[in-house]
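Scroll down for the structure; my scribbles are underneath it.
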Amino acid sequence: MDAFYAAVEQRAHPEWRGKPVVVGAPPEERGVVAAASYEARKFHIRSAMPMSQALRLCPEAIRVSPNFAAYKAASDVIHAIFREETPRVEPVSLDEAYLDVSEPAPDFPAAEVIGRRIKANIKRRTQLNASVGIGPNKFLAKIASDYDKPDGFFVIRPEDVLDFLAPLPVRVIPGVGPKTERRLHLLGIETIGLLRAQTLKALQDAVGQKHGAQLYELARGIDESPVVSHWIRKSLSQEQTFAQDLWDRNRMRAILRDLSREVAEGLAQERLAGRTVGIKVRFHDFRIATRALTLDHPTRDEAEIRSAALYLLDRLDMQHRRVRLLGVRVSGFDSPRPKGKQSTPRDRQMTFW
């Protein structure tokens with residue numbers, strides 16, 4: 001979907017259409033940009049940017065707090081449209097998904113018909129624009145969906161893959177972030193075509209065995225990853241960002257207790273239990289520290305989650321830095337914890353990440 005959150009807001013407020021709209025909490029609450037309309041993007045506003053910076057770049061921007069109920073309602077309609085065409089749908093987020101249409105579509109012309117029908121139905125039922133990309137695999141479909149935005153429709157046919165990819169910058173490849181991009185640029189590799197000219201060994205020497213092998217295949221348009229229609233939750237977390245940085249360790253402990261309770265309630269609702277409890281601490285300088293504790297049994301017990309979170313906080317060296325955000329996470333899901341003796345932090349194996 002194109003600028004999904006912002007587009008939903010512009011749909012609800014027709015007077016905002018054609019104007020820069022930025023979705024996110026206000027700057028005084030340390031908000032960041034969750035979405036920006038294309039009019040706002042002209043001012044170089046992007047997702048995850050501090051809201052204070054976004055409003056400096058575009059003082060006339062309309063800032064609106066997120067309305068996740070409205071976004072979820074629109075998303076439900078969109079995903080229902082997907083499933084009218086195929087049951088093989090892999091949701092990526094509220095506004096993005098991969099669809100495997102190889103069953104209903106025997107060839108690319110048939111896939112194009114399905115893609116255009118999906119795009120038209122989304123527009124008719126939601127008044128929102130979708131950008132559709134079609135390719136022989138997930139990697140190429142993703143690139144195609146971004147290639148003609150906004151309101152785009154683009155097809156990469158198998159016979160065109162190598163020529164199409166060759167001039168594209170390496171940063172369009174999933175997993176190539178700023179650090180990897182800089183490393184490749186230092187080697188004179190700025191396009192996918194130049195990446196394809198490298199040997200497997202050269203790429204593995206540059207970025208590591210696994211990542212190098214992945215880049216070697218993606219540069220050739222090879223992606224064997226399937227569309228996975230049954231999503232399995234891997235973690236459940238709660239976070240809180242503070243309007244003012246925290247110094248007081250007792251205040252941090254109180255907040256971790258609240259977050260632990262919320263996580264435990266979420267686990268109970270979803271009938272999940274996890275073996276690993278973690279905390280996340282973002283400091284005033286935006287540096288992040290994460291710590292985790294692996295228990296000897298799965299748990300959804302509030303007292304155990306709280307105990308582990310506080311244990312991790314007490315052993316984290318704050319280095320006299322102020323805290324901007326705290327979070328608690330449980331992962332490593334398993335069956336609900338067995339009844340019996342509860343372990344204490346001293347009994348547990350600790351893992352750091």
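The values are calculated or read from the model by the stated rules, or taken from the named source; none is laboratory data. In this text, all values refer to a predicted model and were calculated from it rather than measured experimentally. In this analysis, Cβ positions are derived from the backbone assuming ideal geometry, glycine residues included, and neighbour counts consider all displayed protein chains.
Suppose we keep only residues that are surrounded by fewer than 18 Cβ atoms within 10 Å (Cβ to Cβ) and polar (S, T, N, Q) within segment 85-118. Which one would you say is nearest to F68 (Cα to Cα)?
Looking at the filtered set, the residue picked out is S93.
Does D245 count as in the same structural domain as L310 (by TED's automatic domain parsing), touching a Lys or Arg at 6+ places or on another chain (Cβ under 8 Å), within 24 Å of G31 (Cα to Cα) and of a type outside the set (A, V, I, L, M, F, W, C)?
yes
For segment 25-47, which positions are closer than 18 Å to A12 by Cα and assigned to a helix (DSSP H, G or I)?
Scanning segment 25-47 gives Y38, E39, A40.
Please find, among P150, P109, P136, the residue that is in contact with a Pro (Cβ under 6 Å, 6 or more places away or on another chain) and in the same structural domain as V89 (by TED's automatic domain parsing).
P136
Name the single residue that is farthest from the chain's Cα centre (by Cα) among those in segment 227-264 being assigned to a helix (DSSP H, G or I) and without any contact (Cβ under 8 Å) to a residue 24 or more places away in the chain.
Among residues in segment 227-264 that are assigned to a helix (DSSP H, G or I) and without any contact (Cβ under 8 Å) to a residue 24 or more places away in the chain, the one farthest from the chain's Cα centre (by Cα) is N250.
Kindly indicate the residue of segment 29-56 that is over 19 Å from A243 (Cα atoms) and either modelled with pLDDT under 95 or small (G, A, S) (or both) and also nearest to the chain's Cα centre (by Cα) among those meeting that condition.
Top of the filtered list is S47.
Failed condition for V170, given (1) exposed (fewer than 15 other Cβ atoms within 10 Å of the Cβ); (2) within 29 Å of I134 (Cα to Cα), with all others met?
Answer for V170: the failing condition is (1).
Which of the residues spanning segment 64-76 are part of a helix (DSSP H, G or I) and in contact with a Phe, Trp or Tyr (Cβ under 7 Å, 6 or more places away or on another chain)?
Hit for segment 64-76 is Y71, nothing else.
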